[in-house]
Every structure is written in C-alpha cells, then in structure tokens.
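What follows is one structure encoded as structure tokens, with my remarks underneath.
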Amino acid sequence: MTDNASYSRRISFDDVSKFYGDVLGVNRVTLSIPPGITSLVGPNGSGKTTLMNLMTGLIRPTRGSVRVFGISSSDPERFFREVGYCTQFDTFPRGMTGYQFVYSFLRLYGCTALEADELTWRSIERVNLVEAAHRKIAAYSKGMRQRIKLAQATCHGPSVLVLDEPLNGLDPLVRAETIALFKVLAEDGMHVILSSHVLHEVDAISDQVIMLSNGYVVAEGQIRSVRSEIREHPMQIVVRCRKPAEVAAKLFEQEQVVEARVHGDGRGLLVKTRDADSFYRLLNKIALNGVGIEAVAPADDDANSVYEYLIGSEETAR
Amino acid sequence: MAIYKRGYRTYSGPLTRERWRFLVLTRYAWRTIFQSRLLTAFFVFSFFYPLGALLAIYLNGNATILSLLHQSSELLVVGNKFFSVFIAVQGTFAFFIAAFIGPGLVAPDLANGALPLYLGRPFSRADYVLGKMMVLFGLLSFVTWLPGLLLFAAQAGVAGHGWIWDNLWLARAIFLGSLIWILILSLLALALSAWVKWKVAAAALMLGIFFLGAGFGQAINLILRTKQGTLTDIGNLMRVVWHDLFRIERHAFDFPPTEAWIMLILICCGCLALLAKKLRPHEVVR
Amino acid sequence: MTPVIELEGLAVRFGSRDILKGLTCALSGRSIGLLGPNGAGKSTLINTLLGFCKPARGTARVLGFDIRHNLREIRTALGYMPENDAFVSNMTAVSFVRLMGELSGLPPDAALERAHESLFYVGLGEARYRKLGTYSLGMKQLAKLAQAIVHGPQLLILDEPTNGLDPPARLRMLRLVREMRDQQNMRVVLCSHLLRDVEDSCDEVLILKDGQVVHYANLEQERSTNRRFVEMEAYGNENAFESALAALGCHCAAAGGGRFRMVLSDGIEISDIYRVAAEQDVQLRRLNFRRDSLEDIFLRAMNGSLAPQVDTGVEASNGHL
C-alpha cells in the first residue's frame with residue numbers, strides 16, 4: 001500500500017494540532033490513512049471526536065493541515081464532496097420522515113429535485129429502509145435511526161465516511177447487519193472511519209486501529225503488529241494440554257521464556273516469552289512428544305491488552 | 001500484626017419504619033434549601049410583619065402606654081379583620097416562597113431520570129409526593145398559621161378572660177385558611193414542575209398562573225359582564241374563601257364562596273391527576 | 001432453593017399492544033444474562049419485576065415473592081441500576097447514595113457508613129464528595145451501581161451497565177459484577193446488547209424475542225466443544241501449509257489472514273497438524289476446538305423461531321476463543 005498511485009487516495013494529517021482556547025483537542029497528529037475500515041479508540045476525552053471533526057472539515061486545525069485525497073479542508077467546496085459524517089448525536093429535526101431527512105440534506109447540498117430524489121432512494125435502499133422511508137423518524141427504533149443517519153451521510157456519494165460511535169446501543173442483530181454494511185462499503189474502496197469503545201469488536205472488523213490518549217496518537221496499525229512492538233511486556237500465551245508440567249519443563253530450558261505457570265486445574269499453562277516466534281517454533285517440536293495439546297492462544301495480543309499497555313487501565317476516577 | 005480486611009458487605013441490620021420513611025426526602029430537602037441566601041433572607045423578612053403585629057397587640061393591651069399616648073380607648077380592634085389582613089399578607093409571602101422552592105423539588109429529579117431510583121425501592125409514588133409536600137408544608141407553616149396562632153394566643157393573654165372562648169372560631173379560621181392555602185400552593189408547585197421538568201420555567205409558570213390568571217379573570221368579567229370570570233384567579237378564590245372563614249361581609253362583586261370552594265377542590269384534583277400522570281418510573285412506549 | 005426469578009404465563013400489555021406474551025420459566029443461576037433484540041421486551045420484563053408495569057395475565061415471583069402481592073418485599077431485597085442517566089445533579093455522591101440507602105430503609109448512620117463503603121467499592125472513593133452533576137459518563141454509571149448496592153440487596157438488576165463506558169471502565173464494571181456474584185453472594189440479572197459482556201459475567205442466559213422466551217440456557221453446558229472441528233491461525237508459509245494439510249486427507253478451509261478451519265478425519269490428531277507445521281516451518285499462533293460462542297447461541301435462537309436473514313458479517317467478530 002505504499003506505491004504512489006494509492007498514496008493519493010489517502011487521508012493525511014500533517015502535524016495537526018487543535019486547541020480550543022486552553023483546552024487541548026489533539027496535538028501533533030501525523031497520519032496517513034489508507035482505504036478500508038479504520039477504528040479510533042481511546043478513553044472519553046482523548047480527542048476522538050476532535051479528530052473526526054477535523055477529518056470532516058467541521059473545524060479547522062490550529063496548526064498543520066488536513067487533506068483528503070490531497071484536498072485541504074480549507075477548500076470546503078471540494079472537501080465536502082468527499083466526506084460524509086455521521087455524528088454520535090441521536091437527534092433529528094422534528095416531525096421529519098426518513099425520506100425527507102435525506103432528501104432535504106441533498107437539496108441543501110445543491111442537487112436538483114430529480115437528482116436528490118434518485119440519490120435519496122439509492123441510499124435508503126442501501127441501508128434497507130425502503131419500507132420505512134415515509135414514516136416519521138420519531139417512530140423509528142434506535143437501529144433504524146442509526147441507519148437513516150448512515151443513509152444521510154452516504155447519500156451524496158462520499159469516498160470518506162466518518163462515523164462517531166455508530167454501533168452504540170444497537171442490538172446484536174442490527175450490529176451484525178451494520179458491520180456487514182461497513183465491510184461492503186470498505187470493499188468498494190471507501191474509507192470507513194469509526195470510533196468505538198468495544199475493543200474486541202473493533203479488533204475483529206477493522207483493517208487498522210488508531211489509538212488516542214490525552215490528545216496524542218499513541219499507536220496505529222493492526223493490533224497484532226502493534227502488540228509485537230510493545231517490548232517492555234513479554235508476550236503471554238496460553239497452552240491447554242494434558243501434560244502441562246512436561247511442557248513447562250522443556251520451556252524453562254529456553255532463555256527467551258520469562259515465566260511458565262501451570263494452571264490450577266493441571267490442564268494448561270501460561271507462558272510469558274520475549275520471543276514469540278521462536279516459542280511457536282519450539283512448540284511445534286514439543287507437540288510431537290505426546291503432551292496432548294488441545295488449544296493454543298495468545299493471551300494478550302487482543303485490543304484490550306494493547307489498550308491497557310499503551311493507555312493504562314484504571315482511569316475511571318478521572 | 002493483625003490484618004483487618006474491610007470492604008463492601010451485605011447488610012443485615014435493622015430497617016426503619018416504612019410509614020414514616022417519606023420524611024427522609026423532607027429532611028434531605030431542608031438541608032439544601034437554606035443554602036440559598038436569597039431564600040433565607042426572604043424567609044427572615046417574612047417574620048417582620050408578624051413581629052410588628054405582635055408589638056401592636058402588646059401596645060394595644062397595655063394601659064400605661066395607651067395613657068402615655070393620650071388614647072382613651074384601644075388603638076385597634078383585634079378581631080376577624082385584623083387576622084384576615086394578617087393571613088392575606090403572610091399568604092403572599094408563602095406564595096413567593098412556594099414559587100421559589102417548589103419547582104426545585106421535583107423538576108431536577110424528572111430531568112435527570114431519578115424517579116426509577118426512588119420508586120425501585122420500597123417507596124411509593126404517594127410517599128414521594130408526600131415527602132416533597134412536607135418540605136413546603138413545614139416551611140410555609142412557619143410563615144402562616146404558626147405565627148397566626150401565636151398572635152391569637154398573645155391577644156388572648158392581653159385581652160383577658162372570656163376573649164378566647166368568644167373568639168375560638170378565629171383560631172380555627174387561621175389554621176384552616178392557612179392549611180388550604182399551603183395545600184394549593186404546594187400541589188400547584190409540584191404539579192407544574194413535574195409538567196415542565198425545568199425549574200426556572202416552572203417557577204415562571206407558577207407566577208404566571210397567579211398574575212395572568214388575575215388579569216384574565218378581570219378581562220372576562222369586563223367583556224362578559226359577569227363576576228364568574230375571577231374564578232380563574234386563584235388569589236381571588238382564596239380571598240373569598242378566607243373572607244368566608246373569617247365571616248367578613250361579602251363584596252357585591254364577589255361570587256358565592258361555595259363556588260370558590262368547589263373551584264379550589266377542582267384545582268387540587270387537577271394537580272393530583274397531573275402528578276399521577278407525570279411521576280412515572282418509566283416512559284410508556286408509543 | 002427458591003429460584004431467583006419465576007415467570008408463570010406473564011403477559012403485559014400497553015394499550016392494545018402485547019409486549020410480553022405469556023412468559024414461563026424459572027431462573028436459578030447466580031448471574032443471569034437477559035438478551036434479545038430491541039423491542040423484544042427486556043426492559044418491560046425488568047419493569048414488571050420491579051412493579052413499574054402491571055401484568056395483564058399470569059404472574060412472576062422474585063426470590064419467592066409474588067409481584068402482585070409482595071412488591072415491597074421484592075423492592076427491599078433488590079438493587080436496580082437503570083439504563084438511562086439517573087442521578088440528582090446538585091447532590092454529592094455520598095449524600096446521594098446515602099439518601100438512596102435511607103429510602104431503602106437503612107437508619108441514617110448505617111446509610112452513611114454504607115454509602116462510603118459502596119462508593120469505595122465501585123471505585124469512586126476519591127470523587128465521592130463531588131457533585132454528581134460534574135461527573136463524567138463512566139463515573140455516573142459507577143454512582144448508579146453504588147446506589148444499587150448500598151442497602152446490600154440479594155438481587156441486583158443491571159440494565160446495560162457498560163453502555164458508553166471506555167474500555168478500562170467497562171472491564172472494571174464487568175469485574176465488579178463477577179465479584180459481587182462470587183464474593184458477596186448476590187444474584188445478578190444483567191441486560192446488555194454486548195454479547196461479550198454477558199458471556200464474561202453470566203452463567204445463564206434468557207433470550208427473548210417478540211415478547212416470548214425463545215431460549216433459556218446454561219452457558220457452561222451450551223458451550224459444548226466439537227472435538228473434530230479445529231480452528232487455527234498460522235503464520236509463515238500459509239499456502240504450503242494448507243496444501244500439506246490437504247495432503248493429509250483433511251477437509252480444510254482458509255478463512256483469510258492465516259486463519260484455517262478444518263475437520264479432523266479419523267486417525268488424524270492435533271499432533272499431526274503440528275508435524276506438518278514443523279515441516280513447513282509454520283507457527284501455529286492460535287489453535288482450538290470449535291466451541292459455540294454466545295453469539296452462535298444467540299443467532300440460533302433468533303433463527304429458530306422466525307429465520308430472518310442474518311448477515312454473516314457476524315462471523316468475523318467471532319475472532320476470540
């Protein structure tokens with residue numbers, strides 16, 4: 001993804017800072033986001049929404065520049081054609097139907113009545129709301145409201161779709177449908193940028209993750225590759241097997257293994273190692289000695305662990 | 001070294017009596033109410049008139065002072081007129097106190113969705129309304145019937161034997177008149193704040209209902225050439241009821257007290273209905 | 001032992017709409033997850049157990065108390081954490097929790113003592129003298145939890161307790177739920193859209209749909225493993241690995257990103273897979289027998305009754321063990 005052709009299809013932040021008076025929004029952010037699903041994670045108040053507002057041109061950076069496909073956010077006429085924004089606020093103009101909501105946005109946008117009508121139906125169809133299009137939004141369920149916002153954000157055919165907490169409050173079925181829709185959009189070459197607090201979900205659906213803390217980007221990329229770069233914490237791997245003590249004994253001969261602890265039930269062990277690659281290679285050999293391996297899994301390369309290592313865990317009393 | 005591990009535990013101690021639990025709300029509200037200096041000042045200010053009245057009664061019954069002032073007879077007659085003026089003045093103070101405090105009692109709970117927290121406990125809606133009403137009841141009592149009865153007692157002491165037995169109905173009128181007024185004020189304040197869920201708006205609405213209601217009533221009277229228009233004027237309704245209680249002659253332009261009584265009862269019922277509708281632990285889905 | 005919650009043909013109507021259509025079941029788990037899509041009747045069920053909605057037909061018992069006759073007893077024994085924001089803005093956390101304790105019947109001094117303990121327990125110790133109006137969303141959630149446990153209830157009903165929490169706050173909330181279940185011996189009913197949360201903290205689930213019980217399950221028993229179906233994640237020369245596995249005679253499907261699923265045919269063991277891995281110099285970073293996640297159970301329950309089209313987008317979010 002580093003060749004020049006695809007480089008122009010990127011969202012780029014060049015040393016961007018945003019201050020609201022004395023309040024820090026984000027600071028010294030330099031990013032280059034390729035197409036696909038990108039997730040923003042971080043504690044409340046870490047600058048996720050500020051980053052999204054910058055990305056959609058709703059606010060201008062105090063310093064640096066934000067460009068979508070090379071178009072600067074200080075060129076709103078062209079910039080806004082490329083981005084669609086779905087905010088976290090669950091509020092709508094009073095008394096509107098779903099159709100009117102999307103249609104009026106398109107008219108404001110400068111479409112003719114005919115164009116607007118066609119585009120409205122197209123985007124409403126995409127989010128599967130055709131039957132409910134002429135019902136009042138006030139009578140929609142949470143999932144439907146979330147989808148009509150999505151229709152509004154995508155109706156003018158943007159290449160960048162920015163969604164603030166789009167999955168919040170959705171039930172498991174609607175969640176799955178919405179995620180599937182994001183995937184379709186991403187496969188069509190769109191940038192889908194979303195924020196979420198549910199890390200295991202984020203880990204599973206996104207092509208890359210951007211982690212924010214206190215207004216700074218602390219990590220970006222795929223969770224797994226981010227994990228291997230955190231060297232101060234040895235990798236933890238759980239092995240479930242019939243003879244954990246035997247495995248542990250073999251592992252202790254290795255220098256890179258920091259710790260091997262047999263589980264209380266005698267059916268598995270937790271290994272901490274500095275060099276996961278050679279551990280896995282070694283495991284290939286140990287497995288042949290009849291130790292009865294049943295399951296192997298890294299214990300801390302998921303989003304939650306990376307989050308904990310990079311941002312910290314007990315921040316509740318902020 | 002001894003180690004004491006303490007943390008959260010389940011509770012197995014005694015529980016308080018359910019019947020009086022509504023007073024918990026009252027206690028907590030009183031604790032916060034006097035944090036407002038404006039209210040405290042106003043509350044103190046509302047005792048000036050009763051103090052003045054007490055002084056007047058004292059002077060009135062003191063022969064030495066009367067002779068010093070070269071007055072042969074009494075300065076004023078302490079009777080039904082005296083007490084009905086007293087209650088009208090103190091009633092006005094009570095009204096402003098109720099308009100000031102009342103909306104702050106319920107509106108914040110509704111705006112922040114606290115009702116499920118109250119009602120999810122062994123604590124009913126009636127307990128809730130009762131607890132909140134007791135806040136106003138206590139405060140307004142200090143402004144109305146408590147000083148009223150004090151003045152009555154003072155006058156009884158000054159006037160000597162007989163007066164108290166001849167005028168016992170006055171004490172009843174002071175007490176009953178105040179009670180009705182307090183009931184109306186607190187129900188209105190709670191119902192309005194439950195309705196608009198915003199205490200500033202509720203206070204404004206409360207003032208509006210009294211002042212605009214009065215103006216509206218006069219307008220109807222003028223246009224339709226009737227006297228029933230002032231039925232919309234709660235202050236006037238109350239005045240008629242007070243005059244009835246204090247056996248003061250009816251003005252020609254007043255409507256009969258029975259109508260005023262009925263109207264006041266209707267207002268109370270309306271407030272209770274509004275409270276019953278608005279004070280729910282959950283929103284009914286469309 | 002009396003069941004925590006017993007439903008007997010419980011039906012609830014709003015106007016002309018049937019919200020709950022005759023639920024019958026007995027829940028006796030220590031922590032019960034209440035699941036279902038929006039509009040399935042979860043909130044109504046909770047509201048009915050609390051006595052906020054009246055049953056049209058049937059009845060329910062909570063800890064053995066009937067909701068038609070013993071509401072006071074139920075509400076005394078129960079702690080409730082509502083879904084929506086619920087607090088009193090101009091009160092400090094301590095006086096708020098104390099007030100709630102007194103309303104549950106604690107004497108004032110006991111309520112004060114326990115208000116402090118509860119706030120420390122949920123992790124708001126440092127912030128307990130601050131006004132609730134100044135709290136962040138996560139702190140308000142914790143304050144709601146503190147008021148729900150101040151009177152030491154036997155049963156705790158939590159409605160979407162992790163909604164809007166950031167990851168550490170969410171993990172903390174789930175840890176508290178487990179702790180209260182295990183150490184304080186409280187029964188917990190947890191209602192959530194995040195299946196993972198329920199999976200992490202509940203041992204039983206009740207799944208509702210359209211006002212009916214579609215599934216009731218003990219999670220331990222349900223999550224049966226299929227010992228012939230293996231999932232793994234390989235790192236290294238994946239293509240060579242795949243073809244070598246196929247040479248063993250196993251049906252093997254690549255799921256992208258180095259992930260494979262295969263059915264072990266007779267005579268083939270896990271150690272054979274490792275031999276292939278060693279030969280091809282491939283690292284097996286993840287390997288397990290397939291077991292049903294709560295998501296699988298949930299989707300099966302949803303499809304069982306009506307079968308709407310469910311997108312397979314869920315599959316990818318099944319990445320965890």
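The values are calculated or read from the model by the stated rules, or taken from the named source; none is laboratory data. Fair warning: this is a prediction, and the values are worked out from it, not measured in the lab. For neighbour counting, all protein chains shown are included, and Cβ atoms are generated from backbone atoms with ideal geometry for every residue, glycine included.
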- line: C:E83 fails exactly one of (1) in a loop (DSSP other than H, G, I, E, B); (2) crowded, with 24+ Cβ neighbours inside 10 Å; (3) under 26 Å from the mean Cα position of the chain (by Cα), namely (2)
- request: Go over the candidates C:E73, C:E6 one by one and state the one that is in a helix (DSSP H, G or I) and among the charged types (D, E, K, R).
  value: C:E73
- prompt: Would segment A:35-50 turn up any residue that is at pLDDT 90 or above, assigned to a loop (DSSP other than H, G, I, E, B) and not aromatic (F, W, Y)?
  reply: yes
- prompt: Any chance segment B:84-105 includes a residue that's within 14 Å of another protein chain (Cβ to nearest Cβ), crowded, with 20+ Cβ neighbours inside 10 Å, of a type in the set (A, V, I, L, M) and over 14 Å from the mean Cα position of the chain (by Cα)?
  reply: yes
field: Qualifying residue in segment A:108-122 (condition: within 14 Å of chain C (Cβ to nearest Cβ) and touching a His at 6+ places or on another chain (Cβ under 6 Å))
entry: no
message: Condition (residue is within 10 Å of chain A (Cβ to nearest Cβ), out of contact with any His (no Cβ under 8 Å at 6 or more places or on another chain) and over 28 Å from A:K243 (Cα atoms)) applied to segment C:233-256: is it met by at least one residue?
response: no
message: Considering only residues that are at the interface with another protein chain (Cβ under 7 Å from one of its Cβ atoms) and under 19 Å from C:I157 (Cα atoms), which ones fall in segment C:84-100?
response: C:N84, C:D85, C:A86, C:F87, C:M100
- request: Would you mind stating whether C:V94 is modelled with pLDDT of 90 or more, of a type in the set (V, I, T) and more than 24 Å from the chain's Cα centre (by Cα)?
  value: yes
- request: Scan segment B:37-67 residue by residue and report those that are among the hydroxyl-bearing types (S, T, Y), surrounded by 11 or more Cβ atoms within 10 Å (Cβ to Cβ) and without any contact (Cβ under 8 Å) to a residue 24 or more places away in the chain.
  value: B:T40
message: Residues that are buried (at least 17 other Cβ atoms within 10 Å of the Cβ) and touching a Leu at 6+ places or on another chain (Cβ under 8 Å): list the helices (runs of 4 or more DSSP H) wholly contained in segment A:122-236 that include at least 3 such residues.
response: A:142-154, A:172-187
- request: Can you give me the number of residues within segment A:32-71 that are within 21 Å of C:P167 (Cβ to Cβ), among the hydrophobic types (A, V, I, L, M, F, W, C) and more than 14 Å from chain C (Cβ to nearest Cβ)?
  value: 2
- prompt: Quick one: in segment C:269-284, which of the residues that are facing another protein chain (nearest Cβ under 7 Å) and part of a helix (DSSP H, G or I) is surrounded by the fewest Cβ atoms within 10 Å (Cβ to Cβ)?
  reply: C:S271
query: Is it fair to say B:G91 is touching a helix residue (DSSP H, G or I) at 6+ places or on another chain (Cβ under 9 Å) and of a type outside the set (V, I, T)?
result: yes
- prompt: Going through segment B:217-247 one residue at a time, which ones are outside any helix (DSSP H, G or I) and surrounded by fewer than 18 Cβ atoms within 10 Å (Cβ to Cβ)?
  reply: B:R225, B:T226, B:K227, B:R247
field: Residues (under 28 Å from A:E220 (Cβ atoms), surrounded by fewer than 20 Cβ atoms within 10 Å (Cβ to Cβ) and within 12 Å of chain C (Cβ to nearest Cβ)) located in segment A:262-297
entry: A:D275, A:D277, A:S278, A:A297
query: Restricting attention to segment C:31-65, and to residues there that are touching a strand residue (DSSP E or B) at 6+ places or on another chain (Cβ under 8 Å) and under 15 Å from C:G79 (Cα atoms), which single residue is surrounded by the most Cβ atoms within 10 Å (Cβ to Cβ)?
result: C:V62
message: With the structure loaded, tell me whether A:E259 is touching a Lys or Arg at 6+ places or on another chain (Cβ under 6 Å), away from chain C (no Cβ under 14 Å) and either in a loop (DSSP other than H, G, I, E, B) or in contact (Cβ under 8 Å) with a residue 12 or more places away in the chain (or both) or whether it fails that test.
response: yes
